[in-house]
Amino acid sequence: MAVEQTDPPRHDLVVIGGGPAGMSAALTAGRALLDTVIVNAENPRNAVTTASHGFLTRDGAHPSELLAISKQQLIRYDTVRYVNDSVTGTTKTDDGFEVSLANGELLATTRLIIATGQTDDVSKLNLDGIEHVYGKTVYPCIFCDGFEHRGERLALFGADAVVHYAPMVHMWSRDLAVFTNGDDLPADDKAQLEGRGVAVHTAPVRQLESTDGRLSAIELETGERIERDAGFISADYSTPATTFAEELGATCSANDWGMLAVDASETGATAVTGLYVIGDARTGFGGLIASAAEGAACAAEIAHEIAAHRWGTL
Ligand SMILES: Cc1cc2nc3c(=O)[nH]c(=O)nc-3n(C[C@H](O)[C@H](O)[C@H](O)COP(=O)(O)OP(=O)(O)OC[C@H]3O[C@@H](n4cnc5c(N)ncnc54)[C@H](O)[C@@H]3O)c2cc1C
C-alpha cells in the first residue's frame, strides 16, 4: 500500500540564525503569538572574543553567555521552537518558503528571516600571525574594544579606508601607527596622517609577534620591528555567511565600508515578498545591540502584516 505523503505544517515565520538579530526577532514574533521556528548553528561572529562590549545590561559578557541567556529566555515561549542545527537550503514556493535542515527536516513557512551574519576570513589580510591575536588584541571595531586599549600603542592595519578610520582610532590613543602591508597610500592621505603624528609604514608585514593572544610587535620585511600593544583593522575581509537570500532572488551590494551585504530596508524587507534579512547579513557590521533592535523591528513589521491579512479575511 502506498504511503500517503503529507505536507509539512506551514509556520508563520522561520528565522535562520540565532545571533542577537535572529533571537530578538524570534522573541518579538513569539510574543506576538506567531508560530515561529528558529534554526541556529550556534556559531556567532564574535565567538573569537573573550568579552562583548556595548550591549547595555550585558557589557563585558562572553559571547557564549549572551547565547545561553537568549536561549533560556526564548524557550519559555511555547510559540517558539528553537532548533540547534544548520539550514542547508531554502526554496521559494507559491505561498512562502521551504527550509531544509541538516537533520533532514523540512520546514514550510509564509515568511522567512535570514539572520545568518557575516563570515570573517582573516587569511585575506595576509598578515602572518593574525590568527593568534584576532579578537584578543587585534579587532575590527573600535567601539567594541577601543576602551580596553585606550592610551596604548595602537596599530591600524589596511590601506583603502585607513584615512577615514584613523581619526576614530586616534580618539582612543594618540600613539598610533598605520601598516598598509605593502600597499601605497595616496600622498595626500599620507601627509594627512603624518601631519597628525601618525607613523605610516608601507613596507610588507613579515609577521605579527604575540604571546598568549597579546600583540607585542609588528615585524616588517625591511627587518624593522615596531612595538604595539593592540590593533584595529581597516580592511574588508568578510562576506555574508550564507547565500540563501541571493538564491531566493535578493540582491547584494557593497556598503560604504566596502563590505558586501544583502540589500534590504531598515526593518529587513527585501525585494522578494515574505523574505527579510537582518543584522550583519544586511549591514555588514552592525554590532550586537543594533542587530538585536533590527530583529525586534523586523518581527514587529511581520506581525503588523499578518494582523492586517488576518483582519482582512474575517
Ligand atoms: C572580533 C569581533 C568582536 C566583536 N565585538 C563586538 C562587541 O564587543 N560589541 C558589539 O556590539 N559587536 C561586536 N562585534 C560585532 C558583532 O559580533 C556582530 O555585529 C553581531 O554578532 C551581529 O549579529 P547577527 O545576529 O547579525 O549575527 P551573528 O551574531 O553572527 O549570528 C549569526 C548566527 O547565524 C548562525 N548561522 C549561520 N549560518 C547558519 C545556517 N546555515 N543555519 C543556521 N544558523 C546559521 C550562526 O551560527 C550564528 O549563530 C564583534 C565582531 C567581531 C568579528
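The values are calculated or read from the model by the stated rules, or taken from the named source; none is laboratory data. Predicted, not measured: the structure shown is a model, and the values here were computed from it. Every residue, glycine among them, receives a Cβ derived from its backbone with ideal geometry; neighbour counts consider all protein chains shown. The area values use the complete protein model at the heavy-atom level, side chains included, leaving out ligands, DNA and RNA. Shrake-Rupley method; radii C 1.70, N 1.55, O 1.52, S 1.80 Å.
A few points about this structure:
- Over the chain, relative contact order from alpha-carbon pairs under 8 Å, at least 6 apart, %: 20 percent
- Accessible area (Å², per residue) of the range 126-179, counting only protein heavy atoms and a probe of 1.4 Å: 44 Å²
- Shape class for the range 122-233: oblate, because the ratio a/c of the largest to smallest gyration tensor axis (alpha-carbon atoms, square roots of eigenvalues) is 1.5 or more and b/c is at least a/b.
- Net charge over other residues, Cβ less than 9 angstrom from the Cβ of residue 236 (K, R count +1; D, E count -1): 0
- By the rule of a C-alpha distance below 14 Å, with chain neighbours fewer than 8 residues away ignored, the aspartates and glutamates paired with residue 136 are 145, 148, 209, 212, 229.
- Per residue accessible area of the range 230-281, 1.4 Å probe, in Å²: 40 Å²
- Local net charge near residue 89, Cβ-Cβ under 9 Å (Lys/Arg +1, Asp/Glu -1): -2
- DSSP beta bridges confined to the range 122-233 are antiparallel in about 40 percent of cases.
- At most 12 other Cβ within 10 Å, DSSP loop - trypsin sites (Lys or Arg not before Pro), the range 79-160: 150
- For the range 27-152, diffusion coefficient by Stokes-Einstein and Kirkwood Rh (Cα), 10 °C, 1.306 mPa s, µm²/s: 92 µm²/s
- Of all DSSP beta bridges in the chain, antiparallel share, percent nearest 5: 45 percent
- Calculated from the alpha-carbon coordinates, the chain shows an Rg and a Dmax of 22.3, 84 Å respectively.
- Where only DSSP H runs of four or more residues are counted, the chain gives -8000 deg cm²/dmol as its mean residue ellipticity at 222 nm, each run worth -39500 (n - 2.57).
- Here the simple spin-label model places points 7 Å from the Cα toward Cβ, and for residue 313 and residue 188 these points are separated by 5.8 nm.
- Available extension along the chain between residue 124 and residue 271 is 49.8 nm, counting 0.36 nm per residue and deducting the alpha carbon span.
- Gyration tensor verdict on the range 204-314 (Cα atoms; rounded if a/c is under 1.5, prolate if a/b is larger than b/c, oblate otherwise): prolate
- With every protein chain in place, the range 122-233: carbon and sulfur % of accessible area (1.4 Å): 46 percent
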